[in-house]
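The values are calculated or read from the model by the stated rules, or taken from the named source; none is laboratory data. Not measured: the values here are computed from a predicted model. Because the Cβ atoms are built from the backbone with ideal geometry, glycine has one as well, and the counts that use them run over all protein chains shown. Ligands, DNA and RNA are stripped out before the accessible areas are found, and what is left, the full protein with its side chains, is counted by its heavy atoms. Shrake-Rupley method; radii C 1.70, N 1.55, O 1.52, S 1.80 Å.
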Amino acid sequence: ARLCEATGATCLLALPPAHAPVVVAMEVPPGAVAVQSRLGAVLPAHSASGRALAGEAPALLRSAVLPGVDALAAPIRDHGGRIVAALTAMGPSGALEGALAAVQAAAAEASRGLGYARSSTET
């Protein structure tokens, strides 16, 4: 909810099932322009959520899944460092400029809540 408020973007929590990310939680910002998904939606592997769950570095994806919709995602890790979820912000094209740090910070906070402590040797 704090990430949604900070970015003005729709924010999703996706879990990694066997084949593709599934949306398990969602916050939609108030206002005239909001990009919505639905709980239980299966996201493509090439989506921001799919890439975060695969361990790729967070990056702004422009219209990768839906035309005119940009997305950012960062992985959430458990106490053993395993990626267990992805935190994603999505919004209309151009709306997420400068939001990468907020997405990464929110995912890091969630990871700390699961007992994750980044080691100095980790990339």
Exactly one of Ala71, Ala25, Ala20, Ala57 is closer than 18 Å to Ala107 by Cα, free of Cβ contacts under 8 Å to residues at least 40 places away in the same chain and in a loop (DSSP other than H, G, I, E, B), and that residue is Ala57
Scan region 4-16 for residues that are of a type in the set (A, V, I, L, M) and either more than 10 Å from the chain's Cα centre (by Cα) or more than 21 Å from Leu43 (Cα to Cα) (or both) and jot them down. Ala6, Ala9, Leu15
Of these, Gly55, Gly80, which one is modelled with pLDDT of 90 or more, open to solvent by 30 Å² or more (accessible area, probe 1.4 Å) and more than 14 Å from the chain's Cα centre (by Cα)? Gly80
Any idea which of Ser47, Ser63 is over 10 Å from the mean Cα position of the chain (by Cα) and not charged (D, E, K, R)? Ser63
Cross-chain or 6+ apart pairs with Cβ under 6 Å, region 95-117 first and outside any loop (DSSP other than H, G, I, E, B), then surrounded by fewer than 19 Cβ atoms within 10 Å (Cβ to Cβ): Ala102/Ala6
Inspect all residues belonging to region 43-50 and state whether any of them is free of Cβ contacts under 8 Å to residues at least 60 places away in the same chain, among the hydrophobic types (A, V, I, L, M, F, W, C) and open to solvent by less than 20 Å² (accessible area, probe 1.4 Å). yes
